[in-house]
Amino acid sequence: MRTAYGVETVRAAERELMARLPEGALMQRAAAGLAVACGQLMGRVYGTRVVLLVGSGDNGGDALYAGARLARRGAGVTAVLLAPERTHTGGLAALRAAGGTAVAASGDAEGVIRRADLVVDGIVGIGGRGGLRGDAVPLAEAVRGARATVVAVDLPSGVDADSGEVSGAAIRADLTVTFGTHKPGLLIDPAREYAGTVRLVDIGLGEVLPAPPELEALQHADVARLLPVPGAESDKYRRGVVGIAAGSARYPGAAVLAVAGALRGGAGAVRYVGPAADAVIARFPEALVSDQGPHKAGRVQAWVVGPGAGDDAGTVAEVLEAEVPVLVDADGLRLADRGAVRGRTAPTLMTPHAGEAAALLGIGRSEVEGARLSAVRELAGRYGATVLLKGSTTLIADSEGGAVRVNATGTGWLATAGSGDVLSGLSGSLLAAGLSALDAGSVGAYLHGLAGRLAAEGAPVGAQDVAEGVRRAWRDVRGG
C-alpha cells in the first residue's frame, strides 16, 4: 500500500526524528538520496551541467548539498539563488567547497538554465501555497523553454502538497524525489501531472509517522488480497448476485455494458431489470432478466442503478429502498434524492465524474477538477455515502472520514462512451461479492484502469474492449 501524509503530519514527524539525530543528519539523508537519483537519471555525472534553483527554505538546502555531491563527482554545478541573503548557509558553503558556483536570480539566470543538462527545483518546499511568487515565475518559464531534464525536490514548486491544487505558475518536473513519505499532491491531479515520475527516498520517517494517512493507493498485492475467489463449496448465491437497473429505450447500450462489467466482477449471477432486456439477453444469455421492477426481481446482494436510466426516477427511488448495498451512477446521481441516500442503512457507493460531481455540489466543473480531494470529501459528507470521483486519478472517499483512496491505473483511452458503465457493473459485482463500498470502489477502479491499459496498448479502445480486458487485468493482479 502506498500512503501519503499531509504537511503538518510530515513536519511533526520530521521534528520528532530530528530530535533523535545529530544536527543536519536528516537533510544529509535527503541530499544523498536526491544526488543518487539525479546521477541515475543522467546516466553519467562527470562533465554535465547542473543548475540548482534555490529558495530560502530547507528544499534549497537539500538541493545545495545534493549539488555539492554532484560537483565532487565532476559535474559543473551552478546555484541560482532567489534569496541570497536567506540561502541555507551550510549548503551553500558545501557547494562552493566542492567547486560549485552561485549566481543571483536577478543576474543571467535564464541563460544559465538554457545551457543546463539538468535543473534541480529547490525553490519552494511542502509549505508553498498559491503558485510561484513573482520572482520565481521567470525561472519557471525559462525551465519550460529549456532542453534540460528537471528534477523536483520533494514536490514541484508551485503545487499544493496537501490538496494537489495548482493555482498559479508551477515547475513541471520529469522526476520528483520526495522524502520520507508521499505527499497527497504527488498522487492527485492536477499536481500529479507536474510531478512526472515520483521516487520515494527513505529518510527514516516511517519510524514516527502516525496512522492513518491522508491518502492510500492500492498496489497489486493489496488488490489481490481483496479479490473475491470462490471456494470449493461456493455456489452462485454464495458468490453474490448483483442486480442491474439500467438502460432505457434511448440508451440500451448502457445496460449491456453495465451487465458486461458485472459479469466480470466476481459475483455468481447478474439480474437485469429494465427496458433493455432483449439487448442484454442477446449479448449475455447467462444474465437473468426481468421487467417486473427491482422489488420483484428476486434475490440480490447488491444493486447498480442509473446508467442510461434517462428520467426513470421511480426505479432509482425503488432501488434506494433496498436493504442491500447500492451503487448509484450516471442518471441515477441526478435522480437520487439526497435524503433517501442519507437515510439508507446499507452502504451506498456513488460514482460521479467531474461534471456530475459539480452538478451535485452546485459548482463549476473546473472547480471540481482543480480541487478534486476537497470535492470528493465534500460529496461523501453531504450524501453520507462512499463517493468514487472518476478521473485520470480516481478518488474514493468514505463518509466516515479516514484515508481517501487514490487510483492511478487508468489511461486517457478510458475517456470513451460507456467506459463508466462497465466500471459501475464491475464495482457493483464486487459489492455483491461482499466487499465494502470503499474496497469495491477501489478494487473496481484499479481493475478497470488496468483493463483499459491492457486493452489499449497505446491505441484507441471502446467500452466493450475494456470489459473484455477485465479478465486479463484480474489474472495480472493475481499473478496468473
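Hey, could you check segment 288-341 for residues that are among the basic types (Lys, Arg) and in contact with a Lys or Arg (Cβ under 9 Å, 6 or more places away or on another chain) and say which is most open to solvent (accessible area, probe 1.4 Å)?
Keep residues of segment 288-341 that are among the basic types (Lys, Arg), which gives 296, 299, 334, 338.
Keeping just the survivors that are in contact with a Lys or Arg (Cβ under 9 Å, 6 or more places away or on another chain) gives 299, 338.
Values: ARG299: 133, ARG338: 113 Å².
Among those that are among the basic types (Lys, Arg) and in contact with a Lys or Arg (Cβ under 9 Å, 6 or more places away or on another chain), it is ARG299.
Taking the criterion of being under 25 Å from the mean Cα position of the chain (by Cα), at negative phi and touching a residue at least 40 places away in the same chain (Cβ under 8 Å), the residues of segment 124-155 that qualify are VAL124, GLY125, ILE126, GLY127, THR149, VAL150, VAL151, ALA152, VAL153, LEU155.
Is one or more of the residues making up segment 455-475 over 20 Å from GLU378 (Cα atoms), in contact with a strand residue (DSSP E or B) (Cβ under 9 Å, 6 or more places away or on another chain) and either modelled with pLDDT of 95 or more or crowded, with 21+ Cβ neighbours inside 10 Å (or both)? No: zero hits.
Can you tell me which residue within segment 248-263, out of those that are of a type outside the set (Gly, Ala, Ser) and surrounded by fewer than 24 Cβ atoms within 10 Å (Cβ to Cβ), is nearest to ALA277 (Cα to Cα)? Step by step, filter segment 248-263, then rank; the result is PRO252. Per this entry, ALA354 is not counted among residues that are aliphatic (A, V, I, L, M) and surrounded by 22 or more Cβ atoms within 10 Å (Cβ to Cβ). Of the residues making up segment 85-95, those that are in a helix (DSSP H, G or I) and touching a Ser or Thr at 6+ places or on another chain (Cβ under 9 Å) are GLU85, ARG86, LEU95. Among the residues that make up segment 52-64, is at least one of them buried (at least 17 other Cβ atoms within 10 Å of the Cβ), at pLDDT below 95 and more than 30 Å from ALA371 (Cβ to Cβ)? Looking for residues that are buried (at least 17 other Cβ atoms within 10 Å of the Cβ), at pLDDT below 95 and more than 30 Å from ALA371 (Cβ to Cβ), one finds none in segment 52-64, hence no.
Take VAL80 and tell me if it is open to solvent by less than 10 Å² (accessible area, probe 1.4 Å), free of Cβ contacts under 8 Å to residues at least 60 places away in the same chain and in contact with a helix residue (DSSP H, G or I) (Cβ under 9 Å, 6 or more places away or on another chain). Spell out the reasoning first.
Details: open to solvent by less than 10 Å² (accessible area, probe 1.4 Å): yes; free of Cβ contacts under 8 Å to residues at least 60 places away in the same chain: yes; in contact with a helix residue (DSSP H, G or I) (Cβ under 9 Å, 6 or more places away or on another chain): yes.
Yes, satisfied.
The single condition among (1) in contact with a Gly (Cβ under 6 Å, 6 or more places away or on another chain); (2) β-branched (Val, Ile, Thr); (3) more than 23 Å from GLY420 (Cβ to Cβ) that VAL229 does not satisfy is (1).
Scoring ILE244 on the criteria (1) more than 18 Å from ARG471 (Cα to Cα); (2) more than 21 Å from the chain's Cα centre (by Cα); (3) open to solvent by 20 Å² or more (accessible area, probe 1.4 Å) leaves a single failure, condition (3). Here THR101 fulfils each of the conditions (1) open to solvent by less than 20 Å² (accessible area, probe 1.4 Å); (2) without any contact (Cβ under 8 Å) to a residue 60 or more places away in the chain; (3) of a type in the set (Val, Ile, Thr) apart from (1). Residues in segment 424-445 that are under 17 Å from the mean Cα position of the chain (by Cα), of a type in the set (A, V, I, L, M, F, W, C) and either open to solvent by 10 Å² or more (accessible area, probe 1.4 Å) or on the phi > 0 side of the Ramachandran plot (or both): LEU438 alone.
Does ALA397 satisfy being under 26 Å from ALA191 (Cα atoms) and either surrounded by 20 or more Cβ atoms within 10 Å (Cβ to Cβ) or among the aromatic types (Phe, Trp, Tyr) (or both)? So ALA397 fits the description; yes.
I'm trying to understand the selection: among the residues of segment 215-246, which are at pLDDT below 95 and either among the aromatic types (Phe, Trp, Tyr) or touching a Pro at 6+ places or on another chain (Cβ under 9 Å) (or both)?
If we filter segment 215-246 for residues that are at pLDDT below 95, which is where we start, we get 228-240.
Within segment 215-246, TYR237, ARG238, ARG239, GLY240 meet the criteria.
Does segment 175-188 contain any residue that is more than 20 Å from TYR5 (Cβ to Cβ), modelled with pLDDT of 95 or more and in contact with a strand residue (DSSP E or B) (Cβ under 6 Å, 6 or more places away or on another chain)? Even if it seems obvious, please write down each step before you answer.
Here is the first cut: in segment 175-188, the residues more than 20 Å from TYR5 (Cβ to Cβ) are 175.
Right, trim to modelled with pLDDT of 95 or more and you get 175.
Next, only the ones that are in contact with a strand residue (DSSP E or B) (Cβ under 6 Å, 6 or more places away or on another chain) stay: 175.
Among the residues of segment 175-188, at least one is more than 20 Å from TYR5 (Cβ to Cβ), modelled with pLDDT of 95 or more and in contact with a strand residue (DSSP E or B) (Cβ under 6 Å, 6 or more places away or on another chain), which makes the answer yes.
Restricting the search to segment 231-274, which residues are hydroxyl-bearing (Ser, Thr, Tyr) and either more than 22 Å from GLY434 (Cα to Cα) or outside any strand (DSSP E or B) (or both)? Result: SER234, TYR237, SER248, TYR251. Pairs meeting the criteria (first residue in segment 216-236 and more than 30 Å from LEU187 (Cα to Cα), second residue modelled with pLDDT of 80 or more and of a type outside the set (A, V, I, L, M, F, W, C), beta carbons under 6 Å, at least 6 apart or on different chains) are PRO230/ARG239; LYS236/GLY268. For beta carbons closer than 9 Å, sequence separation of 6+ or different chains, a first residue in segment 191-210 that is open to solvent by 40 Å² or more (accessible area, probe 1.4 Å) and a second that is in a helix (DSSP H, G or I) and among the basic types (Lys, Arg), the qualifying pairs are VAL198/ARG192; ASP202/ARG29. Taken over segment 403-443, the criterion of being part of a helix (DSSP H, G or I) and at pLDDT below 95 is satisfied by GLY412, TRP413, LEU414.
The values are calculated or read from the model by the stated rules, or taken from the named source; none is laboratory data. No experiment lies behind these values; they were computed from the predicted model shown. In this analysis, Cβ positions are derived from the backbone assuming ideal geometry, glycine residues included, and neighbour counts consider all displayed protein chains. Protein only, heavy atoms only, side chains kept; ligands, DNA and RNA dropped before computing areas. Shrake-Rupley method; radii C 1.70, N 1.55, O 1.52, S 1.80 Å.
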